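**Student:** Before I ask anything, here is the structure I am working with.
Values in this text are rule-based calculations from the coordinates and carry no lab data. Note that the coordinates shown come from a computational prediction; the quantities given were computed from them, not determined experimentally.
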Amino acid sequence: MNVVKYACYSLKYLSSYKKFELWFELHKSKVTYIIEQTRKIILRFIRLHPTEWRLLDIRYDLMSVLIEAKEYELVKYILSSKEQLHIPQYISWEGEKNTIHTALSDRTMLAYFLKYYSNNAVNNDYIGWMNTVVDIIPELYESNEKKSKEENHNTG
């Protein structure tokens, strides 16, 4: 069980090395190979143990870790699966930011989660899932206002 948890954290750690362009270019093939193998570990675990994945995601907020690692393919796979592999949390287990708040930092991830939450709220009568979305609306509004002010300031 801990293997998949540490695999997610490894992806987050390895993604931080992409910022160091010179180092990353020197070791690109090794790092890319390790990242691909780590993704395969996670995907295999999800396919073989979907219920355990769901519980680990709730306990350790693994989706937030994948968001921070910028693992678009894995997140999209998990959210587009026929089986519900992710259940939103209003409050994180450890009292930190929940998944949707983590996704605020990346617009693509945020779009994936908003689509997933809204589709499940409508199609499966999980209207409570929208509570997590309601909390981020003021933050979205504020960030859009800041961007529009910056654009107006730069053009004016």
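**Student:** Please say if region 77-154 is rounded, prolate or oblate, where rounded means a/c under 1.5 for a ≥ b ≥ c the square roots of the C-alpha gyration tensor eigenvalues, and otherwise the choice is prolate for a/b larger than b/c and oblate otherwise?
**Tutor:** Verdict is prolate for region 77-154.
**Student:** Counting helices only, and only those DSSP H runs with n ≥ 4, report the 222 nm mean residue ellipticity of the chain as the sum of -39,500 (n - 2.57) divided by its residues, in deg cm²/dmol to the nearest 500.
**Tutor:** -24000 deg cm²/dmol
**Student:** Taking 2.2 N^0.38 Å as the expected size of a compact globular protein, what ratio does the Cα radius of gyration of the chain give against it, to two decimals?
**Tutor:** 1.16
**Student:** Still on this structure, I have one more. Can you work out the Karplus-derived ³J(HN,Hα) for every residue in region 34-41? Use 6.51 cos²θ - 1.76 cosθ + 1.60 with θ = phi - 60°, whole Hz, and x for glycine or proline.
**Tutor:** 5, 4, 4, 5, 5, 4, 4, 4
**Student:** Between region 88-111 and region 29-73, how far is it from one alpha carbon centroid to the other, in angstrom?
**Tutor:** Measuring centre to centre over Cα atoms gives 16 Å.
**Student:** From the phi angles alone, apply the Karplus equation (6.51, -1.76, 1.60; θ = phi - 60°) to region 59-72 and give each ³J(HN,Hα) in whole Hz, x where the residue is Gly or Pro.
**Tutor:** Result, ordered by residue: 6, 10, 6, 5, 5, 5, 5, 5, 5, 5, 7, 6, 8, 4 Hz.
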